[in-house]
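I'd like to ask some things about the structure below.
The values are calculated or read from the model by the stated rules, or taken from the named source; none is laboratory data. No experiment lies behind these values; they were computed from the predicted model shown. Here the Cβ is made from the backbone with ideal geometry for all residues, glycine too, and neighbour counts use every protein chain on show. Calculation scope for accessible area: heavy atoms of the full protein, side chains included, ligands and nucleic acids excluded. Shrake-Rupley method; radii C 1.70, N 1.55, O 1.52, S 1.80 Å.
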Amino acid sequence: MPVPWFLLSLALGRSPGVLPLERLVGPQNTAHCSPGLSCHLWDGDVLCLPGTIEPPPGPVLVPTSLQTELVLRCYHETDCDLCVRVDVHLAVHGHWEKPEDEELFRGASDPEPREPGNASLQSQVVLSFQAYPTARCVLLEVQVPASLVPSGQSVGSVVFDCFEAALGGEVQIWSYTQPRYQKEVNLTQKLPDCRGLEVRDSIQSCWALPWLNLSADGDNLRLVLDVSEGQRFGLSLYWDQVQGPPKPRWQRNMTGPQNFTLNHTELVPCLCIQMWPLEPDSIRTNLCPFREDPRAHRNLWRATRLRLLSPLAWQMDAPCALPAEAALCWRAPGGGPCQPLVPPLPRENVTVNKALEFPLLKGHPNLCVQVSSWEKLQLEECLWADSLGPLRDDMLLVETRGPQDNRSLCALEPSGCTPLSSKASTRAARLGEQLLGDLQSGRCEQLWNDDLGVLWACPMDKYIHKRWALVWLACLLFTAVLLLLFLLKKDHVKEWLRLLKEDVRWGAAARVRRVLLLYSADDASFERIAGVLASALCQLPLRVAVDLWSRRELSALGPLAWFHAQRRQTLQEGGVVVLLFSPGAVALCHEWLQDGASVPGADAPHDAFAASLSCVLPDFLQGRAPGRYVGACFDRLLLPDAVPALFRTVPVFSLPTQLPDFLEALQGPGAPRPERLRERAEHVSRALQPALDCCFPPQGAPGPECRTGPKAGDAT
């Protein structure tokens, strides 16, 4: 389904808002005034020397504001230049005084002093024009009758034709009197380029300019370049930054005509397109068509990441500027919503790609950052989870301070902030006295402190242990009775108890062990083998997450957002991420390590491995991968030495040869005995062998037809 911005074709040179321009014939400059004024333009330019401000000798005529208009100065029908017409508005500054001002008013035929009503006021007005690389100044003499001289009011304007300027450039214009009686007035203007004016047939520099049309190609964007055969031009995609220079994303020199497709996931509001002919001093044309597009804004938030720089400093990384506010919240274990800490902590405006400080004394794994835009929550990240471990079962106490040193203390719970002295049926109310004792004895950790209040994190582990002590004792007694009953039948029960003991050890560790399997879908055969491996691991049992089984969720969220959520959940639960390498995966890793980013449109819509590299690489580069990641490859397809060196900082296993070691790495500290581990490895090997023989038969042996099963896009 085409996205909304594809409903109309956008053209760099055919914008519907182009402006027709007035034509001036000839190279000469002219000036004309509004009725009641007389003016004269000095021949040639003058020196641009404003000088210092002097006190006026009486009423003087001064410029008050500037207006501009674009026109064309034409030497022939098709040989024109862009020109800036300047309109200077004038007013009288100062008041009439006698007799000092009488010398200023002289009639044309009477040299004797006259009353102001019969005289005229004259001023020399300088126009200064700067547009890289040129600068010009012209002098205008303006005269106004004294009868039209009410002090402080506008008396008219004088129009100058005109200053020549380059398309797409920036011009600065100043106006002041000579001598100068007040601060100069100024105006800065960004001039349009060829696409914003009806000048393609009038200005020769626009003739050779490449023209670009945007159209729909399914969910992607097709760029069609309308240029003559064999014309060479440059094309660049860049992020237009509010602060700092543009950030290039992709650039090529091409020969026309050309067209290519841009993946819709690459579109963000600040993505702009720049084109120019490969000629000296050529005009560059820019277009930023996605600033108001809803899908581009959704992509921008999906690409935005929060990053912890130090224990109390963080940063929001995003391609474009975002109007956003950040606030801290408290997430309790159990999957409930994160509760904002506003108040007492304030909300803060966020500047992207800039380090920010938390108003805290120290971090805590339950503290998370919420980023909102236009009162809508966009991002939530528990930044301390990686460095301080998983969520803790701590109670957050909020101490508020009022006037006259009045203090109140409450515990933050899903139902709200419960006073410790309350008789409610919540956990904080039941343990109110114990929590107060912990606070007074220094067992609670202070997270924040200022004039408004204090935040305390109090551990709750010991209360949970007391609560379940009797329950555990009853369970142990019941288990002991069962064991005594089973021992009455030694011969059959001993073997059963041995197997039960191993199964309990294996299950207790493996059931809580989560595995995220990442692979590159090089072809349908390899995708089938990855699915067989994931199914075999589930039988051990392990909780396996793989994009092959989550296509609907993957399509709804996008590969990058889906992987980020799965990785965070896996690592928070103490799981492991498996990188299943293939020739295609190795090529993608080399491309990322060399270029830092992929070419637009290179990634398949459901290729979670390619999308995951942006989050996987920082873990390896910063040394956080050992213990969290393992690698694997099939020995018929790839040797472990072919894996890039950066990823060999974690164990890389060759399957099925090293299956026991691979399963032991997945199992973690609670791995079963070697005999049991070999049994599990044989089970996985038997499941893998038919798929490997089918898709990668041994050398010289004809393999059976490899059925790839349903396509990845059909999976639910």
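Within the range 272-299, count every residue that is at pLDDT 85 or above and aromatic (Phe, Trp, Tyr).
Number of matching residues: 1.
Considering only the range 662-686, state which residues are under 17 Å from LEU517 (Cα atoms) and modelled with pLDDT of 85 or more.
Result: PHE662, LEU663, GLU664, ALA665, LEU666, VAL684.
Which one is most open to solvent (accessible area, probe 1.4 Å) among residues in the range 534-568 that are in contact with a strand residue (DSSP E or B) (Cβ under 7 Å, 6 or more places away or on another chain) and assigned to a helix (DSSP H, G or I)?
Among them, the one singled out is CYS538.
This table checks each residue for (1) at pLDDT 80 or above; (2) out of contact with any Phe, Trp or Tyr (no Cβ under 6 Å at 6 or more places or on another chain); (3) of a type outside the set (A, V, I, L, M); (4) closer than 21 Å to CYS80 by Cα.
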{"residue": "PHE163", "(1), (2), (3), (4)": "yes, no, yes, yes"}
{"residue": "ARG200", "(1), (2), (3), (4)": "no, yes, yes, yes"}
{"residue": "PRO210", "(1), (2), (3), (4)": "no, no, yes, yes"}
{"residue": "ASN213", "(1), (2), (3), (4)": "no, yes, yes, no"}
{"residue": "ASP217", "(1), (2), (3), (4)": "no, yes, yes, no"}
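So, ALA712, is that one in contact with a Lys or Arg (Cβ under 7 Å, 6 or more places away or on another chain), open to solvent by less than 90 Å² (accessible area, probe 1.4 Å) and modelled with pLDDT of 80 or more or not?
When the stated conditions are applied, ALA712 does not pass them.
Tell me, yes or no, whether the range 307-327 has at least one residue that is acidic (Asp, Glu), in contact (Cβ under 8 Å) with a residue 12 or more places away in the chain and within 18 Å of TRP374 (Cα to Cα).
Yes.
If you don't mind, another one. HIS606 passes all but one of (1) touching a Ser or Thr at 6+ places or on another chain (Cβ under 8 Å); (2) closer than 30 Å to LEU593 by Cβ; (3) at pLDDT 80 or above; (4) surrounded by 15 or more Cβ atoms within 10 Å (Cβ to Cβ); which number fails?
If we test HIS606 against (1) touching a Ser or Thr at 6+ places or on another chain (Cβ under 8 Å); (2) closer than 30 Å to LEU593 by Cβ; (3) at pLDDT 80 or above; (4) surrounded by 15 or more Cβ atoms within 10 Å (Cβ to Cβ), just (3) comes out false.
Out of (1) of a type outside the set (S, T, N, Q); (2) closer than 13 Å to LEU412 by Cα; (3) under 23 Å from the mean Cα position of the chain (by Cα), the odd one out for CYS320 is which?
That leaves (2) as the condition not met.
Here's a follow-up. Within the range 307-354, how many residues are of a type outside the set (S, T, N, Q) and assigned to a strand (DSSP E or B)? Show your work before the answer.
In the first step, residues of the range 307-354 are kept if they are of a type outside the set (S, T, N, Q); the result is 307-309, 311-314, 316-338, 340-348, 350, 352, 354.
Now drop any that are not assigned to a strand (DSSP E or B), which leaves 307-309, 313-314, 316-317, 324-330, 340, 348, 350.
Here the count works out to 17.
Are any residues in the range 618-639 open to solvent by less than 70 Å² (accessible area, probe 1.4 Å) and more than 14 Å from VAL578 (Cα to Cα), and if so, which ones?
Those that are open to solvent by less than 70 Å² (accessible area, probe 1.4 Å) and more than 14 Å from VAL578 (Cα to Cα): PRO618, GLY623, ASP635, LEU637, LEU638.
While we're looking at this one, here's another question. Could you grab me the full set of residues in the range 614-631 that are in contact with a helix residue (DSSP H, G or I) (Cβ under 6 Å, 6 or more places away or on another chain) and among the aliphatic types (A, V, I, L, M)?
If the condition is that a residue be in contact with a helix residue (DSSP H, G or I) (Cβ under 6 Å, 6 or more places away or on another chain) and among the aliphatic types (A, V, I, L, M), then ALA625, VAL630 are the ones that fit.
Condition check ((1) at pLDDT below 85; (2) surrounded by 11 or more Cβ atoms within 10 Å (Cβ to Cβ); (3) of a type in the set (D, E, K, R); (4) in a helix (DSSP H, G or I)) across all residues:
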{"site": "MET1", "(1), (2), (3), (4)": "yes, no, no, no"}
{"site": "TRP5", "(1), (2), (3), (4)": "yes, yes, no, yes"}
{"site": "SER15", "(1), (2), (3), (4)": "yes, yes, no, no"}
{"site": "PRO27", "(1), (2), (3), (4)": "yes, no, no, no"}
{"site": "HIS32", "(1), (2), (3), (4)": "no, yes, no, no"}
{"site": "CYS39", "(1), (2), (3), (4)": "no, yes, no, no"}
{"site": "ASP45", "(1), (2), (3), (4)": "no, yes, yes, no"}
{"site": "PRO50", "(1), (2), (3), (4)": "yes, yes, no, no"}
{"site": "PRO56", "(1), (2), (3), (4)": "no, yes, no, no"}
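With the structure loaded, tell me whether ALA91 is modelled with pLDDT of 85 or more and either among the small types (Gly, Ala, Ser) or assigned to a loop (DSSP other than H, G, I, E, B) (or both) or whether it fails that test. It would help to see each step written out before you state the result.
Working: modelled with pLDDT of 85 or more: yes; either among the small types (Gly, Ala, Ser) or assigned to a loop (DSSP other than H, G, I, E, B) (or both): yes.
Spelling it out, ALA91 is indeed modelled with pLDDT of 85 or more and either among the small types (Gly, Ala, Ser) or assigned to a loop (DSSP other than H, G, I, E, B) (or both).
If you go through the range 275-306, how many residues are in a loop (DSSP other than H, G, I, E, B) and either surrounded by 20 or more Cβ atoms within 10 Å (Cβ to Cβ) or on the phi < 0 side of the Ramachandran plot (or both)?
So in the range 275-306, the residues in a loop (DSSP other than H, G, I, E, B) come out as 278-284, 288-293, 304.
Still in the list and also either surrounded by 20 or more Cβ atoms within 10 Å (Cβ to Cβ) or on the phi < 0 side of the Ramachandran plot (or both): 278-280, 282-284, 288-293, 304.
Residues in the range 275-306 being in a loop (DSSP other than H, G, I, E, B) and either surrounded by 20 or more Cβ atoms within 10 Å (Cβ to Cβ) or on the phi < 0 side of the Ramachandran plot (or both): 13 in total.
Hey, another quick one. Among the residues of the range 367-389, count how many are farther than 19 Å from ARG298 by Cα and part of a strand (DSSP E or B).
Taking the range 367-389 and keeping what is farther than 19 Å from ARG298 by Cα, we get 367-369, 382-389.
From what's left, part of a strand (DSSP E or B): 367-369.
Residues that pass the stated criteria total 3.
Is the range 370-380 home to any residue that is over 28 Å from GLY627 (Cβ atoms), open to solvent by 20 Å² or more (accessible area, probe 1.4 Å) and of a type in the set (A, V, I, L, M)?
yes
Exactly one of (1) modelled with pLDDT under 85; (2) open to solvent by less than 30 Å² (accessible area, probe 1.4 Å) is unmet by GLN231. Its number?
Only one criterion in (1) modelled with pLDDT under 85; (2) open to solvent by less than 30 Å² (accessible area, probe 1.4 Å) is unmet by GLN231, namely (2).
Does THR265 qualify as being within 27 Å of the chain's Cα centre (by Cα), within 23 Å of TRP592 (Cβ to Cβ) and not in a strand (DSSP E or B)?
Answer is yes for this residue.
OK, next. Whether any residue in the range 62-70 is more than 27 Å from ARG180 (Cα to Cα) and at pLDDT 85 or above is what I want to check.
Yes, that holds for at least one residue.
Can you name every residue in the range 381-392 that is open to solvent by less than 30 Å² (accessible area, probe 1.4 Å) and touching a Leu at 6+ places or on another chain (Cβ under 8 Å)?
Those that are open to solvent by less than 30 Å² (accessible area, probe 1.4 Å) and touching a Leu at 6+ places or on another chain (Cβ under 8 Å): CYS382, LEU383, TRP384, ALA385.
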